[in-house]
Amino acid sequence: MRVGVLGCGAIARIHVAALRTIAGVEVTAVADVVPRRAHAFAAEHGIPHVFADVELMLAGGVDAVTVCTPHAAHEAGVLAAARHRVHVLCEKPLANDVAQAKRMIVAAEGAGIRFGAIFQRRFWPAAARIRAALDDGRLGPLISGGVVARLHRDAGYYAEPGRGGVLMTQVIHHIDLLQWWLGRARRVTGHRATLANDRSIGVEDTAGVLIEFASGAIATVQAGTTFRPGLGVQVWVSDAAGRTAGVTEYPEGVGFTDVWTVPGEPPPILRYEPGRTADLPLADVHDRLAPFHAVQIADFVAAVRDGREPAVTGRDAFHSLEIVEAVYASSRTGRTVELG
Ligand SMILES: NC(=O)c1ccc[n+]([C@@H]2O[C@H](COP(=O)([O-])OP(=O)(O)OC[C@H]3O[C@@H](n4cnc5c(N)ncnc54)[C@H](O)[C@@H]3O)[C@@H](O)[C@H]2O)c1
């Protein structure tokens with residue numbers, strides 16, 4: 001299988017390394033709007049074909065493409081893949097807004113291609129364990145859940161153009177987990193603000209959210225990138241019988257079972273790093289997540305080969321984006337947003 005990579009930044013490296021471990025897969029092309037970046041990336045990774053434009057890369061002949069561009073450029077990459085009938089795996093968040101995401105899903109489904117979206121935290125054993133317990137009835141029906149995200153991003157991080165806010169860029173992963181376990185959301189009320197950073201960053205560094213699910217379950221999300229040092233993220237769910245299961249991400253990138261009160265099963269093995277007082281550099285966070293990126297990328301390749309849906313489809317990734325967009329609308333209007 002010949003795979004092309006669109007966007008030659010930090011995350012593209014993880015994609016290339018993961019693709020290289022899969023038998024029969026070759027990374028044959030890269031494209032980036034900044035040609036010097038594409039050439040340097042291709043030289044570093046030994047990739048034979050370099051393009052300044054996604055259309056040319058797709059026309060050049062690849063079977064699949066991974067979209068590793070900033071959020072705002074995801075739609076163009078996926079629509080181009082659909083036009084060329086090339087399978088596509090897109091980084092999170094699916095898009096900047098729900099309207100873009102809908103166009104991407106319609107185009108991919110119309111073209112009959114596989115359309116996957118990266119949410120690699122679903123592949124943490126601690127997260128998959130909760131889904132498995134729900135599937136075999138050891139846990140559920142769920143009635144409540146929550147996310148507490150106390151992260152740190154500094155002014156240098158926000159100085160890069162195109163960074164999303166804490167909900168859109170970081171906590172969308174944990175909102176994805178929450179709705180993977182609790183099902184579809186039906187009502188969202190929230191407020192977001194820029195409180196510790198200069199407002200010119202243009203995105204939220206603090207947010208509080210109430211989500212009501214179609215099942216009647218209720219969850220809350222408290223999120224910020226204002227904590228020094230960052231204290232990680234907890235995401236948890238609880239059922240009508242009082243059974244509770246949770247995952248803590250600490251340090252960033254490492255997810256472990258922190259709560260597990262399913263009767264008859266052993267208590268969680270807690271893992272943490274006592275004495276840690278500093279944030280990991282972002283590259284180290286990415287290194288810790290890379291094995292799970294690799295599992296998801298391997299799943300996508302297998303889905304293309306086997307003619308099945310990938311574990312996380314574009315449609316699946318739509319739901320977390322819909323919740324984040326609803327928080328933004330609720331924050332603007334002061335009203336609860338009903339989801340369709
Ligand atoms: N899954 C995860 O845990 C995770 C972690 C970090 C970032 N991401 C996501 O990965 C994506 C990329 O993030 P990054 O940190 O690698 O970004 P980056 O800024 O390091 O790299 C992006 C690259 O895309 C190129 N680019 C921009 N617009 C383009 C276009 N229209 N066509 C082609 N190339 C274009 C840029 O020149 C740059 O080389 C983002 O959507 C981000 O949210 C995911």
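FYI, it's all coordinate maths here, none of it is from the lab. Here the structure is a predicted model, which is why all the values come from computation and not from measurement. Cβ sites come from the backbone with ideal geometry, for glycine too, and all protein chains shown count toward neighbours.
Okay, here's what the table says:
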{"item": "Under-5 Å amide H pairs with Asp258, H placed in peptide plane, nonlocal only", "result": "Gly246, Val247, Thr248"}
{"item": "Residue-span extension gain [Thr277 to Glu265] - 0.36 nm each, minus C-alpha spacing", "result": "1.0 nm"}
{"item": "Expected 222 nm ellipticity per residue - DSSP helices of 4 or more, -39500 (n - 2.57), all of the chain, to 500", "result": "-11500 deg cm²/dmol"}
{"item": "Residues of region 129-164 with amide N under 14 Å of the 7 Å Cα→Cβ point at Arg187", "result": "none"}
{"item": "Prolate/oblate/rounded call for region 2-117, Cα gyration tensor, a/c under 1.5 rounded", "result": "prolate"}
{"item": "For Val312, distant residues with modelled amide H under 5 Å away", "result": "Ala117"}
{"item": "Chain lengthening between Leu56 and Ala43 when straightened (0.36 nm per residue, less Cα-Cα)", "result": "2.8 nm"}
{"item": "Region 179-195 and region 279-304: distance between their alpha carbon centers, rounded to Å", "result": "25 Å"}
{"item": "Under 5 Å, built H, 5+ apart or other chain: amide partners of Thr336", "result": "none"}
{"item": "Residue list for region 42-86, given a label point 7 angstrom along the Cα-to-Cβ vector of Met1 and an amide N cut-off under 12 Å", "result": "63-66"}
{"item": "Protection-proxy order for peptides 254-265, 98-109, each taking the mean of Cβ atoms within 10 Å per residue, highest first", "result": "98-109, 254-265"}
{"item": "Ser200/Glu338 FRET efficiency (R0 35 Å; Cβ-Cβ; nearest 0.05)", "result": "0.60"}
{"item": "Relative contact order (%) - region 193-233, alpha-carbon pairs under 8 angstrom, separation at least six", "result": "32 percent"}
{"item": "Where N is the number of residues in the chain, Cα Rg divided by 2.2 N^0.38 Å", "result": "0.98"}
{"item": "Rounded, prolate or oblate (a/c below 1.5 giving rounded, otherwise prolate when a/b exceeds b/c) for region 152-309 by Cα gyration tensor", "result": "rounded"}
